[in-house]
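K.L.:
Quick one: the structure is below, and I'll ask about it shortly.
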Amino acid sequence: MFDPIKTLSPSVPDIDDDAYSMDDFEGVNARWCHACGNNAILTAVQKLCAEEQLAPEKTVFVSGIGCSSRLPHYMGTYGFHALHGRALPIAEGIKIRRPDLHVFVNTGDGDCCSIGAGHWIHAMRYNMNMTVLLHDNQIYGLTKKQISPTSPRGLVSSTSPRGAYLEPLNPLAATLGMSNISFVANAVDWLPSVLYEIIHQAFHHRGLSFVRIVQRCPRYLPHQFDEYMKDPERILLLTHAQGLHVQDAVARRFKHCMEHDPSDLDRARELATNQERLPVGILYRNPGVLCYEDVRTSVEHLTAADKVKALEREFDKFTVQPTS
Amino acid sequence: MNDSTATSELDGSLAAQTPTSAVDQRRVDEIRDHVVEVISDSGEGAQKCGQSFASIAAKTGHGVWTVEIIPAEIEPPARSIEGASGNRIRVGSYYVNNGGDEADVVIAFNEQVLLGRERAGGLKPGCTILLENKWRHHQDPAIVTAYTSTCEQLMADGYQVREIPMEQVCLQHTNNPQRGKNMFVLGMLSGLYRQDLEVARAQVAFTFRGKGEQLVKRNLRLLEAGYEWATQNLEFAFEIPSVERKEAQIVVNGNTALALGIMASGMEICAMYPITPATSASHYLSDVFENVGGMVHQAEDEIAACAFAIGASYAGKCAVTITSGPGMALKQELIGLATMAEIPLVIVDVQRGGPSTGLPTKVEQGDLLQAIFGSHGDAPRVVMAAATIEDCFYLPIAARKIAEAFNLPVVLLTDANLATAQQPFARPQLRKEWFAAPVDQSAIPEGERPYDWDDTTGLYRRFTPGQPGGMHTVTGLAHDRSSRVAYDPATNEEGLKHRSLKLAAFQKTLTVPEVFGDPQGDLLVVGWGSTKGVIEEAVARVRAEGQSIASLHLTYLQPMASGIGDILKRYRQVMTVEMSWADRLEDDLITYENRRYSNLAWLLRARYLIDVDCWSEVRGQPLKPRMVTEVIRNKLAQGVSHV
Ligand SMILES: Cc1ncc(C[n+]2csc(CCOP(=O)(O)OP(=O)(O)O)c2C)c(N)n1
Ligand SMILES: [Mg+2]
């Protein structure tokens, strides 16, 4: 017969404290399509975990539903593959009582900008200390090529056979218009060193860092980002002492490279809506924004006896004494 | 017997003003119980008056149960039939467990709200009505006509109407009687029921504590004026003998009890989105939860609230989310996730009228089936329902324990009736073990898997982030014992089976509920939730007529304890009494083949293969024992519940 006491009792740890390598952050084998941009994102976060020597047991990857949201399964950390659109509030719940955990969120363009859009606005405002990666392939991948809010006008998909009707939602401009934001960046999956550097900066930012990653979907939109990949003219690399740092060799590959001070929100908004060139780098950073957990998580440790005392005080308010 | 919270510094100054009434020459009727209603336009304070009267009655050793009378709008037009706002208080010289039948005494601030209560069937034929009479002299002739014709009509209908110059008397003590009339009325009521004036004073001082000495003094003056007025101007009074109270009790409504229970349960996160009638629990909790290391998170919507609670549970101790029917519906997908990923979670649904926005401030028991079966696929969870205010305190403690021991969601159902009703219960003796243990952060031994289901019970030890060696990804997808996504048929069934087995394992811990009444006989009435007191009172009345009947009240609805089926078989007929819709066989189109039963009747019929009948009333009001008594008599006489 099952013995809950025995089964639930903690056992003695046996910790091996060698340094972590990238292998320590590998979960089950990734099952994305060949050349899917998600593979690059996975590599970047595994590298980050190893470089930062994050304890795998202290790290949680939270995701919604979609191809992108499979990422936690491929990590060797804790993971929470949740519901379509709901990764952010789950991550908030984790963070509120466990500020000791490193929390990452992986979400897709449908997951974040459509079904989870309400949570997106509010997550930005809560500004809890976590790293949010928006895998934006401009299509619904997992459900086989339906239009997404970020799909460009005219895009032919299973649900827009005559082309998408509306102008797309711009996730960068939208985020930069939200309240209490503290970190907004844009990356592309095909520039691994830049992607890594942006995620690295995002991780070190205290508050919610929102990284939109333009992510290729070779299966359903194989040529969607060719214009940016083939023509470096179309990319605007944003560097700054307080922003992205890249090696000269990398910078030299881009015709358009500019210094952008990430504290300049107005400029960030202009860059985000630039039709000609895709900005890559850190658009906005403000380390001084209030984090929800800082004002909501109590620091003092209460013992059971303290709690009993506090509750007795509450009971006192409502007590009627025995008669006679 | 006095409450020690009396403000001693005020006692001295007021002693001189204590009414030195002439000898009380009123006729005094000794009664066992009474139902009293205090009603006004909203904002005039009848609710505060009624609640204070209930507290005074409780403090002087009476059984009480209160029912809030609330209009649907925050500020309905003044003097309107739909605008009645106030409180119904049943006071008795015994343990009172429901709001009783129609009112014996009504105090009304205007005749329109009174009419509203009359039309709602709230008044007992011939009952005593104490009515503010200032309308008789109003400058608007339409108001005067409305007032006088209503008075005449009510008198013609046999009600004992007493017109009282409430405002006029108040004017002798305050220049703004609008703001103090309710305390004058409280004094009148206390005088009418010969309550101890000292206790009433202490109550007023407590109610206005922290609002300044001036205000306390003014309200005490009004209280005393009302008391004196009743003593000198009414030729009758009532005496409800008090019962001895051997132990300390607490007097709170169901939502406050719920909040206290949550605090005592060791849960530390309550995530919610405002919705009546659940919200007031979070108001109180927001005020005091931090004192026990907890917090209330008002999320952007109910879905986020549920997700937040799941995240907090996953990474630490079990969390709770509170809502009402519409929010419950929104949470269902996430409740399914908590079932699938096996994350402890407590969901409280303070039920209100539905569907859709329904009767947002009023009572209904329509969520039982969505609580059990909501969500897609097979999403087993435990469902329990509070029947008393005391249950509202203890069930969150049980819910947290069950959720953590079995790694599943537990739904606790209460309703609008319990949310606002006050009923004293024994002051709880707190136990430290109610508070959850610290989060386990020990290393996971090599080879242990995150879903190592015990083959008999489905139980296993859950891994929490922070535990070395326990890394895995929980998922709403079908998964194996290592939490790896697995779509193969055998693995899917293995997961379904073990998640379901946990309910069976939990069911083994349940004890069969006690039957109220005859151990076998002609009729068994089955109920759940806030109707317990009403059903038992009706059963007692019919048993007193010589019938052999009983009732059975279920706290655990999913799963149900072993032995219930055997109980049902001991009675010639079985019926449920509920506040969720059931088709009525006397309607032309309704037959045995298309009748839709109320919630619990469906469940009992399906599980026990017994022809369980049901009677329900879904009028947005608590059931009345008199009505249920008639239903039982009918059922015994004719074999059908609705005729
Ligand atoms: C409530 C709900 N609605 C719909 C779905 C079906 N669904 C799964 S993923 C998805 C869209 C995925 O698109 P995106 O977020 O862009 O992720 P991608 O697969 O492109 O990475 C949809 C509609 C679901 N799982 N749950
Ligand atoms: Mg997508």
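The values are calculated or read from the model by the stated rules, or taken from the named source; none is laboratory data. Fair warning: this is a prediction, and the values are worked out from it, not measured in the lab. Cβ atoms come from the backbone with ideal geometry, glycine included; neighbour counts cover every protein chain shown. Remember, those area values only see protein heavy atoms, side chains included, never the ligands or the DNA or RNA. Shrake-Rupley method; radii C 1.70, N 1.55, O 1.52, S 1.80 Å.
K.L.:
DSSP loop (so not H, G, I, E, B), at most 14 other Cβ within 10 Å: list which GluC sites (Glu not before Pro) in segment A:269-301 pass both filters.
P.N.:
Sites meeting the loop and neighbour criteria: A:GLU276, A:GLU300.
K.L.:
Next question. How big is Rg to Rh over segment B:279-367, alpha-carbon atoms, Rh as the Kirkwood inverse-mean-distance radius?
P.N.:
Rounded to two decimals, Rg/Rh equals 0.98.
K.L.:
Still on this structure, I have one more. Given the options A:VAL280, A:VAL246, A:VAL184, which has the most mean-square fluctuation in a GNM of chain A, springs set between C-alpha atoms less than 10 angstrom apart?
P.N.:
Maximum among the listed residues: A:VAL246.
K.L.:
Could you pull the Rg and Dmax for segment B:217-338, using just the Cα atoms, both in Å?
P.N.:
21.5, 67
K.L.:
Note down the Stokes-Einstein diffusion coefficient of chain B in µm²/s, whole number, using a Kirkwood radius over alpha carbon pairs, 25 °C, and 0.890 mPa s.
P.N.:
My calculation gives 93 µm²/s for D.
K.L.:
Hey, in the GNM for chain A with a 10 angstrom Cα cutoff, which one of A:HIS119, A:HIS34, A:HIS135 fluctuates hardest?
P.N.:
For chain A, modelled as a Gaussian network with Cα springs under 10 Å, the answer is A:HIS34.
K.L.:
In nm, to one decimal, how far is the A:ASN274 label point from the A:VAL28 one, both placed 7 Å along Cα→Cβ?
P.N.:
Label-label distance for A:ASN274 and A:VAL28, simple model: 4.2 nm.
K.L.:
OK, next. Which links in B:LYS317/B:LYS497; B:LYS134/B:LYS217; B:LYS331/B:LYS508; B:LYS48/B:LYS362; B:LYS48/B:LYS181; B:LYS246/B:LYS362 stretch past 23 Å when you go from one Cα to the other?
P.N.:
With Cα atoms farther than 23 Å apart: B:LYS317/B:LYS497; B:LYS134/B:LYS217; B:LYS331/B:LYS508; B:LYS246/B:LYS362.
K.L.:
Over chain A, with a Gaussian network built from C-alpha contacts below 10 Å, which listed residue (A:ASN29, A:ASN180, A:ASN39) shows the highest mean-square fluctuation?
P.N.:
Looking only at A:ASN29, A:ASN180, A:ASN39, the largest GNM fluctuation is found for A:ASN29.
K.L.:
Related question: In segment B:418-457, what residues drop by 40 Å² or more in accessible surface going from the chain by itself to the full protein assembly, probe 1.4 Å?
P.N.:
Correct list: B:ARG427, B:LEU430, B:LYS432, B:PHE435, B:ALA443.
K.L.:
What shape does segment A:74-220 have by the C-alpha gyration tensor, where a ≥ b ≥ c are the square roots of the eigenvalues, rounded means a/c under 1.5, and otherwise prolate means a/b greater than b/c and oblate the rest?
P.N.:
prolate
K.L.:
A follow-up question, please. Using mean Cβ contacts within 10 Å as the protection proxy, how do B:415-422, B:285-292 order, highest first?
P.N.:
Highest mean packing first, the order is B:415-422, B:285-292.
K.L.:
Working only with C-alpha atoms, what are the Rg and Dmax values of the protein assembly as shown, expressed in angstrom?
P.N.:
My reading of the Cα-based Rg and Dmax gives 32.4, 105 Å.
K.L.:
Which sequence of B:SER149, B:SER42 reflects their accessible areas, 1.4 Å probe, from the largest down?
P.N.:
Output order, biggest surface exposure first: B:SER149, B:SER42.
K.L.:
Quote the total accessible area buried by chains B and A together, excluding ligands, DNA and RNA, probe 1.4 Å, nearest 100 Å².
P.N.:
Using a 1.4 Å probe, the pair buries roughly 6200 Å².
K.L.:
With r as the distance between the Cβ atoms of B:ARG119 and B:ARG584 and R0 = 30 Å, compute the FRET efficiency 1/(1 + (r/R0)^6) and round to 0.05.
P.N.:
FRET efficiency, B:ARG584 to B:ARG119: 0.85.
K.L.:
In the full protein assembly as shown, how much of B:ASP29 is accessible to a 1.4 Å probe, in Å² to the nearest 10?
P.N.:
Here the accessible area works out near 50 Å².
K.L.:
Let me ask you something else. Roughly speaking, what is the centre-to-centre gap between segment B:444-503 and segment B:568-643 when only Cα atoms are used, to the nearest Å?
P.N.:
Value for the Cα centre distance between the two parts: 42 Å.
K.L.:
Could you calculate the FRET efficiency of A:ASP18 with A:GLN242 from 1/(1 + (r/R0)^6), where r is the beta carbon distance between them and R0 is 25 Å, rounded to 0.05?
P.N.:
0.10
K.L.:
Something else about it: Please give the charge dipole size of the protein assembly as shown, origin at the Cα centre, charges +1 on K and R Cβ atoms and -1 on D and E Cβ atoms. Round to the nearest 20 debye.
P.N.:
Result for the protein assembly as shown is approximately 500 debye, rounded to the nearest 20.
K.L.:
Further question on the same structure: Please label the shape of segment B:515-638 as rounded, prolate or oblate, based on the square roots a ≥ b ≥ c of the eigenvalues of the alpha-carbon gyration tensor (a/c under 1.5 means rounded; beyond that, a/b larger than b/c means prolate, else oblate).
P.N.:
Because its axes are fairly even, with a/c under 1.5, segment B:515-638 counts as rounded.
K.L.:
With a 1.4 Å probe and all protein chains left in place, how much of the accessible area of the protein assembly as shown comes from carbon and sulfur atoms, in whole percent?
P.N.:
50 percent
K.L.:
Where in segment B:305-320 does accessible area fall by at least 40 Å² between the isolated chain and the complete protein assembly, at a 1.4 Å probe radius?
P.N.:
B:ALA307, B:PHE308, B:TYR314, B:ALA315
K.L.:
Would you be so kind as to list the residues of segment A:62-79 that have their accessible area lowered by at least 40 Å² in the full protein complex compared with their chain by itself (1.4 Å probe)?
P.N.:
Residues shielded by partner chains are A:ARG70, A:HIS73, A:TYR78, A:GLY79.
K.L.:
Can you grab the distance from the C-alpha centre of segment B:76-112 to the C-alpha centre of segment A:247-269, Å, no decimals?
P.N.:
Value for the Cα centre distance between the two parts: 71 Å.
K.L.:
Here's something else I'd like to know. Looking at the calculated P(r) for segment B:26-246, what percent of the C-alpha pair distances fall above 27 Å?
P.N.:
27 percent
K.L.:
Residues of the protein assembly as shown: accessible area per residue at 1.4 Å, in Å²?
P.N.:
39 Å²
K.L.:
Then there is this: Please tell me the relative contact order of segment B:515-638 in percent, rounded to the nearest whole number, where contacts are Cα pairs under 8 Å and at least six residues apart.
P.N.:
30 percent
K.L.:
Another one. Let me check something: with ligands and nucleic acids excluded, how do A:LYS317, B:LYS569, B:LYS317 order by accessible area (1.4 Å probe), largest to smallest?
P.N.:
Sorted by accessible area, descending: B:LYS569, A:LYS317, B:LYS317.
K.L.:
Assuming R0 = 25 Å, can you tell me the calculated FRET efficiency for the pair A:ALA305 and B:HIS283, based on Cβ-Cβ distance, to the nearest 0.05?
P.N.:
0.35
K.L.:
In Å and on Cα atoms, what radius of gyration and Dmax does segment A:4-299 show?
P.N.:
Taking only Cα atoms of segment A:4-299, I get Rg and Dmax of 19.0, 66 Å.
K.L.:
Hey, what angle do you get for helix B:181-192 against the long axis of chain B, alpha-carbon based, 0 to 90 degrees rounded to 10?
P.N.:
For helix B:181-192, the angle is close to 80 degrees.
K.L.:
Could you check the simple spin-label distance between B:TYR592 and B:ALA142, using points 7 Å along Cα→Cβ, in nm with one decimal?
P.N.:
It is 5.7 nm.
K.L.:
Below 8 Å, C-alpha to C-alpha, sequence gap of six or more: please give me the relative contact order for chain B in percent.
P.N.:
Dividing the mean separation by the residue count of chain B yields 11 percent.
K.L.:
Quick check for chain A: number of Lys pairs with alpha-carbon distance under 21 Å, counting only pairs 8 or more apart or on different chains?
P.N.:
Taking the Cα cut-off of 21 Å, the pair count is 5.
K.L.:
Taking segment B:540-643, which GluC sites (Glu not before Pro) meet the DSSP loop condition and have no more than 13 other C-beta atoms within 10 Å?
P.N.:
Listed in order of number, the matching sites are B:GLU545, B:GLU586, B:GLU593.
K.L.:
How large is the helix-only mean residue ellipticity at 222 nm for the protein assembly as shown, computed as the sum of -39500 (n - 2.57) over DSSP H runs with n ≥ 4, divided by its residue count, in deg cm²/dmol to the nearest 500?
P.N.:
-10500 deg cm²/dmol
K.L.:
Under 20 Å from a point 7 Å along the Cα-to-Cβ line of B:GLU244: which residues of segment A:306-324 have their amide N that close?
P.N.:
A:320-324
K.L.:
Here's another thing I want to ask about it. Where in segment B:575-643 are there trypsin sites (Lys or Arg not before Pro) that are in a DSSP coil and have at most 12 other Cβ atoms within 10 angstrom of their Cβ?
P.N.:
Hits after loop and neighbour filter: B:ARG596.
K.L.:
Quote to one decimal, in nm, the extra length available between B:TYR487 and B:ARG27 on full extension: 0.36 nm per residue of separation minus the C-alpha distance between them.
P.N.:
157.6 nm
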